[in-house]
Structures are given as structure tokens and as C-alpha cells.
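Take a look at the structure set out below.
The values are calculated or read from the model by the stated rules, or taken from the named source; none is laboratory data. Every value quoted in this text rests on a predicted model; they were computed, and no experiment measured them. FYI the Cβ positions are ideal-geometry reconstructions off the backbone, even for glycines, and counts take in every protein chain you see. In case anyone asks, the SASA skips ligands and DNA or RNA and just uses the protein heavy atoms, side chains included. Shrake-Rupley method; radii C 1.70, N 1.55, O 1.52, S 1.80 Å.
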Amino acid sequence: MLVLPAPGGELLNWSPSGPRPPAPPNTPPSSRVAYAAAHVVADALADEPYAVDWDTTLAFREHLWSCGLGVAEAMDTAQRGMGLDWAATRELVTRTGSIAAGRRWCAGVGTDQLPPGPATVASIVDAWREQLDLVAGAGAVPVVMASRALAAAATGPDDYHAAYGKLLSGAGGPVLLHWLGEQFDPALAGYWGHDDVRAAARELAALCTEHASTIAGVKVSVLDARVEVEFRRALPDGVACYTGDDFHYPELIAGDARGHSEALLGIFDPLAPVAAAALTRLDEGDEAGFRALLDPTVPLSREIFRAPTRHYKTGVVFLAHLNGHQDHFRMIAGQESARTITHLATLLRLADEAGVLADPDLAEARMRPLLRVAGVV
């Protein structure tokens, strides 16, 4: 039994009680496309704070594939813009490509190799193209990520249409776009030239209509299910919507009579076995079974992604440690300190209730040292 801190300063006793995660399938779902955005594992013994443990990082990608999910590589879950620099990103994409062996994966295409300071539309497009060439050459589906540099340089919607138009006209193959809301990255406020999220959605839908032959889909991460559904219905035929909504993913993936969202989710990193089993239920036409598995994980996800949302990576890595995928709870650039011990204790309880802990006894053993360091026990 563990004594865990709770909000308000009181202490609660906890002992494992939840179900074990269901055995995942070893084949990808057929009714939905599903990617798990994967975290990176820090090298805890390195002298510098940005080193990656490549063997353990790649082993986790094997875990996601073994569950039947696709891997979304080098996305914000991998600490893009929060510790993972361009040199490490380039190596990450190359290493993942070397082991992918035809399995489903996509990878982020950003502009984070640009030097600090103002950038021009031309330099932003060149940076995207450099990364797109790397990702496509490694065998991944390119995911064009929202650019902090473009958000800083753009003066209105026309600048976004100009930048994306130049990139997409020479992309050479289908790509996904990624609309990351300011909840995930405050530097992206006003993206697409609008502060109003619905106006931004209309701008993006218009861009997709203009470049429908190149855009295969759009990942939407704005944490507003109604906006996502409206946007999904506005997309042209052949352009899929991928939910990045870590608050409402069960209902958005299940969909309605007018369509559904595919999945590209950071929460699928810690939920991989449960998510894969749920998607198998959906393949079998059992939506009730799908919701029965996935709905109980939503409180956990909402706690992981609560404001400030950009620090959700800490919870993702914490659960990877509890579930035995890495032998330490350290992160690149010391991001393990971004959340409180109370938050981590809440995640342990919610993960247990959601059936996400593969081995509750191991999770308890790994939580005890963290509580001792925090002075709780």
C-alpha cells in the first residue's frame, strides 16, 4: 500500500485495484488509421541534458508496432521544441526508418533548424523542404507541422496560404498537415491568421480544398470536439481528419453517420495496448465494446494533458517508466520536473482505474522512490 499526496494536501492510501490492460492485437486496425505519437527516452547517465538513449527509444517504437499501432515519429510528443534539437531529430528519423521494415509510420516535418530571430516565408519553406526530404527518404509519411517561425512572421491568412502553397506545390507526394493549437504551444497563437478557432478552421479547410491532390489528411489538436467535427465535415473528399484531441478521442474516432476521425494521438503512447484492443472491437462492429475500453481512459488523459498542456510529455514518460519501458524517470532537458508529485500520484491512481498499468506491483515499486525523494513517505 502506498500513501499518496492528493490535491489539498491530504494523503490517500492506494493499492492496485484496476484491471490489467487487455492483450493487444498484432495487426493494424482496418476500420481506422491509428498512430501513436511516441516519446523519446533520455540517456540518464550522459553528461549533457539533451542526450537520447537510442536503444530504449527504438525499443519503445517496436512496442507500439507490436500492439498494431502506427508510429508517429518526431512529433511534439518527442519534445520537439522542448529539448529535442534538429540534430537529434534528424538522427531519430533516420534510426526509426532503419527499423521500420514496411510498418506504418509518419514523421514530423518542422522548421526548427532555423536560427533564432525573424525568418522570411522563403526561408521557412526551405526549412520545411529540407525536413520533408529527410522524412520521405526515410520511408515515412511526412506530417507538416505548424511552424513557430511562420506564426511569428505571418501578418495574416495570405502569408499562410503563400507558405503552404509553395511547399505543397513541390511536395512530390501525399502529406499530412498538423494544426497544433496554442494550448499545446503558446507560440502558435493566431495560426492560420486568426485568433478565432472557427475562423482558423475555415482557413485551413480552404487550403485543403485548394491542395486536395497533395494533402492526404490533417491532424487537428485544438481540444474542441465541436470544432473538429465541423472542420471534418468541411474537408474535401479524399482528405482525412486525424484527431489529436486528447480530451474527446473516443467519440471522435467512433464518429457518427456523417464520418469519423482517424487517430494521431500522444495519449496512445501510454495507452497502446488498450487503444489497440479497443480499435479491434471497432473493426468487429462492436462500438459499445470500443467505448467500454477507451472511455475509462479519458480521465487519465485529461489529467496528463491538463493546463499547461505543453507539459503533457512528463506524464507520458512517467507512465512509460511505471510500465517498465524505461528504467528511469528522467527526460531530455530535465522536463520530468515540469509536473508536481501530486499530479504524478493522481496519474498513478487514474492509470490503475483505467486498466493501463501492465504490472501494478512494478508500478508501485517504481513510485516509492519518487515519493521518498518528494518527502511524502
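Relative to the dominant Cα principal axis of the chain, helix 225-234 is inclined by about 30°.
Going by accessible surface with a 1.4 Å probe and the largest first, Arg129, Arg32 read Arg129, Arg32. Rolled with a 1.4 Å probe across the full set of protein chains, the surface gives Arg103 an accessible area near 80 Å².
Provide the net charge surrounding Asp53, with neighbours chosen by a C-beta distance below 11 Å and charges set as Lys +1, Arg +1, Asp -1, Glu -1.
-2
Treat every Asp and Glu Cβ in the range 236-281 as -1 and every Lys and Arg Cβ as +1, leave all other atoms uncharged, and give the resulting dipole magnitude about the Cα centre to the nearest 20 debye. Approximately 160 debye in magnitude. Within the assembled protein chains, the solvent-accessible surface assigned to His211 is about 30 Å², based on a 1.4 Å probe. Summarising the amide proton neighbourhood of Ala72: residues at separation of 5 or more, or on other chains, whose placed amide H is nearer than 5 Å comprise Ala36, Ala37, Ala38, Cys106. In the range 252-344, which trypsin sites (Lys or Arg not before Pro) fall in coil by DSSP and have 13 or fewer other Cβ atoms within 10 Å? Qualifying residues, ordered by number: Arg258. Sparse packing (at most 12 other Cβ atoms within 10 Å of the Cβ) combined with a DSSP loop state is found for the following GluC sites (Glu not before Pro) in the range 237-332: Glu284. For the chain, the dipole from Cβ point charges (+1 on Lys and Arg, -1 on Asp and Glu) about the Cα centre works out to 180 debye, to the nearest 20.
What's the carbon and sulfur percent of the chain's accessible surface, probe 1.4 angstrom, rounded to a whole number? Result for the chain: 51 percent of the exposed heavy-atom area is carbon or sulfur.
Mind checking the dipole of the range 45-89: about its Cα centre, +1 per Lys or Arg Cβ, -1 per Asp or Glu Cβ, Debye to the nearest 20? Intermediate results must be reported in sequence, preceding the final value.
Numbers: 2 positive and 8 negative charges, 45 e Å.
Dipole magnitude for the range 45-89 comes out near 220 debye.
Between the listed residues His248, Ala358, Gly324, the Cα displaced farthest toward the positive end of the dipole of the range 234-377, a dipole computed from Cβ unit charges relative to the Cα centre, is found at Gly324.
For the chain, the per residue solvent-accessible surface stands at 39 Å², with DNA, RNA and ligands left out and a 1.4 Å probe.
Once all protein chains are placed together, Met145 keeps about 20 Å² accessible to a 1.4 angstrom probe.
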